[in-house]
Amino acid sequence: MLAAITTLLVYQLVGEVLVHFFALPVPGPVVGMFLLFLSLWAKGSIPEGLHTTANTILQHLSLLFVPAGVGVMVHFARVSGEVVPIVVAILASTALAIAAAALTMQGLIALRRRRAAKAPR
C-alpha cells in the first residue's frame, strides 16, 4: 500500500513540476493523473497494489470534502454575500457536465454501432 501511495504522489509531483515548468493553465494533480493514465494504458493493466489502494481511497472519498465544508463555514459571511453567483455557477456547471456526459455517451454508442457494423459475422 505504501508503494502505491508513493506512486500516486510521485505522479502528482511530476504533474506539479510540469505545470510550473511549462506554465500550464491546468492543476498539477490533473496532469499527474493523466500521466498515470497514460502509463497504465501503455502497460495494459493496473498493478494489484495500486488497484487495492485506489479502491480504499475511493471508499473514503467523502472525508476529502470535510476541509471544504469547514472552509465554507469559516468564510460563511463572505459566501452568504455571493449566494446568487455561486448558485448560478453550480447550476451551470452541473448542466454542462450532464450535457458533456450525454454527448460523450452518444458518441461512444455511435462508435460501438459503427464497429459492430464493420465486424465480420
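Where a number appears in this text, it was derived from the coordinates with a stated rule and is not lab data. This is a predicted model, so every value here is computed, not measured. Ideal geometry is used to build each Cβ from the backbone, glycine not excepted, and the neighbour counts take in all protein chains shown.
Table for the structure above
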| item | result |
| --- | --- |
| Cβ-Cβ FRET estimate between LEU35 and SER62, R0 fixed at 25 Å, reported to 0.05 | 0.40 |
| Quotient of C-alpha Rg and 2.2 N^0.38 Å, computed over the chain | 1.46 |
| Stokes-Einstein D (µm²/s) once Rh is taken as the Kirkwood radius of segment 65-121 over alpha-carbon pairs, at 37 °C in 0.692 mPa s | 221 µm²/s |
| Value of Rg to Rh for segment 1-59 (Rh from inverse mean 1/r over Cα pairs, i.e. Kirkwood) | 1.01 |
| Relative contact order of the chain, defined on C-alpha pairs under 8 angstrom at six or more residues apart (%) | 18 percent |
| Structure-based [θ]222 nm, the chain - -39500 (n - 2.57) summed over DSSP H runs of at least 4, per residue, nearest 500 | -27500 deg cm²/dmol |
| Selected from ALA119, ILE86, VAL70, residue furthest toward positive end of dipole (the chain; charges at beta carbon) | ALA119 |
| Rounded to 10°, Cα long-axis angle of helix 2-22 versus longest principal axis of the chain | 80 degrees |
